[in-house]
Amino acid sequence: MATLDELTTEAPPEPPRPGIGPGRRLIGMFRRPWRWLTSMRTALILLFLLALAAIPGSLLPQRNLNVDKVNTYLAQHRILGPLLDHLWAYNVFASPWFSAIYLLLFVSLIGCLIPRLRAHIAAVLRVPPEAPARLERLPVHAEDIEVPGGGEPAAVAARLHDLLRQRRFRVKVREQADGGITVSAEKGHLKETGNILFHFSLLAILVAVALGSWWGYHADRLVVQGADQGFCNTLQQFDDYGLGARVNPASLEPVCLDMTGFDAQYLSNGEPSVYKAFVNYTIGDGAAKSATIQVNHPLRLDHARIYLLGTGYAPVVKYTDKYGHSQTQVAPFLSTDAMQTSTGVIEFPDANVPATGVDPSHKQQVAFSGVFLPTLPSDPSVGASAFPAERNPALMLTEYEGDLGLDAGIPSSVYSLDQHQIDTGRLKPVGKQVMLKPGQTTTLSDGGTLQFIGTRPWATMQVRYDPGETLVLIGAVCLLLGLIVMLLGKRLRVWFRVPPEGPVSAGALARSLYPGFKAEFESIVKDAKDARTAAERSTLRGS
Amino acid sequence: MAALSDHLLVVAILAYAIAMLTYAAEYAFGNRGVVARIAVRERAPERELVGAGVPVGGATLDASGTDPSDSVDEPGAGGDLRAADPPAAIWAGRVATALTLVGWLAHLSCVVTRGFAAHRVPWGNMYEFVLAVTLVGASAWLVLLVRRPRIRPLGLFVTLALVILLGIDGVKLYTPVAPLVPALNSYWLKIHVTAAVTASGILMVGFVAAALTIVRTGYERGKTRFPYSLGDRLPAAEGLERLTFRLHAFAFPIWTFAIICGAIWAEAAWGRYWGWDPKETWAFIAWVIYAGYLHARATPSVKRTIATWIAVLGWGAMMVNLFVVNLVVSGLHSYAGVG
Ligand code: HEM
């Protein structure tokens, strides 16, 4: 915001000095494009380009909103898809061309605001200008006004001065060489103040947005209910994150959080009506606190906020392998529809390790892949849940045995099996799909058992920080204030010419010919003719 | 209560539709000279009035609707006819206004009963949103009419817009009463959506004024083809243009406020104040276009007609935001509730 300081401290513009140095020539070279850039017409064109440029961002899938949709789109449009990708069509709002437009617009804005601000300050400080030579050229004017005052110019001018002061004009009375007097009056600087405030607020918002994108971050984490399932605000513990360019990953708000409970309520048609996550959290070495996070009510910390994004079920199963070794796993399943039909996998990489030692070939690792239905439909062949709450939960699993492919070093999803391992036959389905109700146990083909203990809820939480937010809000409020003042304000200049003798003439000029401009002028002229003094009129009005 | 609200919608649409036809009748039979001049000039057939299908002849003049100072009469259409609107036309105008009022009352009751049926502010889905926007539009129209009776000829087009929007709303967008999804359950719904509804309703009337300004300007420049021929009985372009500006200058800060409140709410609900969700993007596009309109109008080098076209474009963006974004594009704002 160096420009702001310059603006307030800089001296009024000096008149251009004669002589052309090399620096001057350089300035001269840039002057024309600069003039062009800072003209209102260019600003208008840029404004429209900005609107136009935003359109593809709303019609094509965007990476920042939904990566999967972008990938689907790319897969469906083999030729056009990659071509558009080169043009940043899936990331419009971060594209160089979108940035170019708004940066040009804001350079234009600065270029147009600085002279305007200077002119405005000068105008506020300056006395109302001398009357134009020919009042009859003004948009409205009046001749032959008989102002009471005994024909004495000074007395007439004094009356007019009082009259205009009373109407909140700034007034300057000037004596002319011919013995006449002119009265100049001006009001409505507030309109221009509002205008400048509005446009500076736009700048402030841009700066704040930049602040946020450099020093802000967001990170997502799926949290299963339970003290053993919490997380801390460090990058390693997140499923997904986006950091601003200037964020130091070591200095994120040191918060740790775990979920103690979750309350979900649904309408009869399955739409959610309440989502509430009950959490415990600590900041740094501070004491543990508890809080409730809801949609519309994030947990607000000093330097971060935590949002509740979504929820689902994590089945808990106990698997006992053929050697009698049991393990319990909690595996969050991801919902695939509004009724929380959820899919996922439960992996036991350490299964079937003989008591004698390790199983180096991973030939007997075990995993279960399947579907969880919180409400089994009356016709089970539908394969989809009938209601999002657990009314009649069922877990349907298929066992896989072989090499899970976890050591390959390739990051793999924890929500699905490695398809490559299945395709190459290294991981094979065993037996048929089994359906389990909570508490039920099934015996597997190799003699092991699988028990479905129940489910725990999970929630996706998002940690966010945006240091520009407050400034954006302040900017937005100032913008609105400036806008209202600008649109309501009226700028008006009125002049009276009092000749040495004879009737007075008057004229007025409005910066924009607002409705009522003429009426206001006429009312002033009428008051000028009024025999009563300004003070008398005001007491009359006041009573 | 919900059923009552649905019935009231039908009443409102019917009343507006009849009001529209009555306005059309006033428009068509606005003076005694019509029939005579049709016979004389033989240029009536190409002049058809949209919406009503009532043939209008050279209905050039009228006293009740037009600013006397701004008639742009064709030569030969004597000024003596001006003052002579037949009582039938005057009555048609009054009846049309009364019917608009009846429609408005039904419309208002429709929205209020819907609110009682749902136990919340009645603008929680797209059906209710359009219902509320048109109610604001109708209210703005009635207020304008009280303050400037001379703009009555615009009534035909305002009621036309109301009937079209409410018709689409009732037929295509109807949604049974239901509670709000959790994300909408916030007092920001009341603030943000109320502001958006208010701004949109006024901008709707602003759009009608802008479109008619263009029509009338064309007419005053001597264009006689179809849409311009409607300019015949409209108030002078200059006054219409000023009305257009004032409506937009009034609505623009409200629209700005709506967007700001939306951003504050988005911060609480979705974790960011702005995310270029399609709805946000189109709100921004409309805002930028309307800002462009205000700029263009304040710039002397831009022709007023071009500025007015920009305002029309702005309403286009508002309509895209309402219909295309809600029904075609999916985003976080997918609360339309339209299956
Ligand atoms: C995002 C960009 C911009 C927006 C949204 C915006 C918005 C506005 C609005 C709404 C007005 C009110 C018009 C009126 O007084 O009736 C206005 C006035 C004005 N704007 Fe901008 N503006 C933007 C950029 C610019 C730029 C870049 C310039 C300079 C080249 C500029 C120069 C002006 C001027 C000179 C006025 C005053 C017109 C007058 O009062 O007669 N604006 N602006």
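The values are calculated or read from the model by the stated rules, or taken from the named source; none is laboratory data. This structure is a prediction, so every number in the text was calculated from the model and none was measured. Please note: Cβ atoms are built from the backbone with ideal geometry, for glycine as well, and neighbour counts cover all protein chains shown. These accessible areas exclude ligands, DNA and RNA; they are computed on the full protein's heavy atoms, side chains included. Shrake-Rupley method; radii C 1.70, N 1.55, O 1.52, S 1.80 Å.
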Could you give the length gained on full extension between A:His189 and A:Tyr415, defined as 0.36 nm per residue of separation minus the Cα-Cα distance, in nm? 74.9 nm
Ranked output for segments A:200-208, B:278-286, A:434-442, B:293-301 by mean other Cβ atoms within 10 Å, highest leading, reads B:278-286, A:200-208, B:293-301, A:434-442
For B:Trp123, A:Trp88, B:Trp91, the accessible-area ranking with a 1.4 Å probe, largest leading, is B:Trp91, A:Trp88, B:Trp123
Find the percent of Cα-Cα distances in the stretch B:101-156 that exceed 16 Å, and round it to a whole number. 47
Most to least accessible of A:Met29, B:Met318 (protein chains only, probe 1.4 Å): A:Met29, B:Met318
Shielding of B:282-290 by other chains, given as the mean Cβ count within 10 Å, works out to 4
Angle in degrees between helix A:96-125 and the longest Cα principal axis of chain A, rounded to the nearest 10: 30
Pairs B:Lys190/B:Lys279; A:Lys322/A:Lys363; A:Lys276/A:Lys318; A:Lys191/B:Lys279; A:Lys69/A:Lys428: which exceed 23 Å Cα-Cα? A:Lys276/A:Lys318; A:Lys191/B:Lys279; A:Lys69/A:Lys428
Determine which residues of the stretch A:27-55 fall in the zone a paramagnetic label at A:Ile110 would reach in this model, i.e. backbone nitrogen under 20 Å from the point 7 Å along Cα→Cβ. A:27-47, A:50
Please report the accessible area of B:Ile168 (heavy atoms, 1.4 Å probe, ligands and nucleic acids excluded) in Å², nearest 10. 60
Note down the accessible area of B:Phe257, probe 1.4 Å, to the nearest 10 Å². 80
Kindly give the semi-axes, whole Å and largest first, of the ellipsoid equivalent to the protein assembly as shown, taking each as the square root of 5 times a Cα gyration tensor eigenvalue. 66, 37, 24
Within the stretch A:91-172, DSSP-loop GluC sites (Glu not before Pro) with at most 15 other C-beta atoms within 10 Å are A:Glu130, A:Glu146
In peptide B:264-276, how many Cβ atoms from other protein chains are near each Cβ within 10 Å, on average? 6
Tell me the label-point distance for the pair A:Asp162, A:Asn91, using the 7 Å Cα-to-Cβ offset, in nm and rounded to one decimal. 7.2
Keeping all protein chains in place and using 1.4 angstrom, which order do A:Asp530, A:Asp407 fall into by accessible surface area, from largest down? A:Asp407, A:Asp530
Between A:Trp214 and A:Asp144, what is the FRET efficiency for a Förster distance of 60 Å, r being their Cβ-Cβ separation, to the nearest 0.05? 0.35
Per residue, the convex hull volume that the Cα atoms of the stretch B:186-339 enclose (Å³): 122
Full extension from A:Ala389 to A:Thr443: what is 0.36 nm times the residue separation minus their Cα-Cα distance, to one decimal in nm? 16.6 nm
Measure nothing but the geometry: give the 0 to 90° angle between the long axis through the Cα atoms of A:189-215 and the longest principal axis through the Cα atoms of chain A, rounded to 10°. 20
Beta carbons within 10 angstrom, averaged per residue: use that to sort the peptides A:221-230, B:194-203, highest first. B:194-203, A:221-230
How high is the FRET efficiency from B:Ile90 to B:Lys303, r the C-beta distance, R0 35 Å, rounded to 0.05? 0.45
Using only Cα atoms, find the angle between the long axis of helix A:67-76 and the longest principal axis of chain A, and express it within 0 to 90 degrees, rounded to the nearest 10. 80
Please work out how much accessible surface A:Val371 shows to a 1.4 Å probe, ignoring ligands, DNA and RNA, in Å² rounded to 10. 40
State the extension gain, in nm to one decimal, for the chain segment bounded by A:Asp407 and A:Glu136, taking 0.36 nm per residue of separation less the distance between their alpha-carbons. 88.4 nm
Please name whichever of A:Val366, B:Gly262, A:Phe198 sits farthest to the positive end of the charge dipole of the protein assembly as shown, dipole taken about the Cα centre and charges placed at Cβ: Lys and Arg +1, Asp and Glu -1. A:Phe198
Take the alpha-carbon centre of the stretch A:281-355, take the same for the stretch A:226-248, and report the distance between them in whole Å. 15
Need one value for A:477-483: mean number of C-beta atoms belonging to other chains within 10 Å of its residues' C-beta atoms. 3
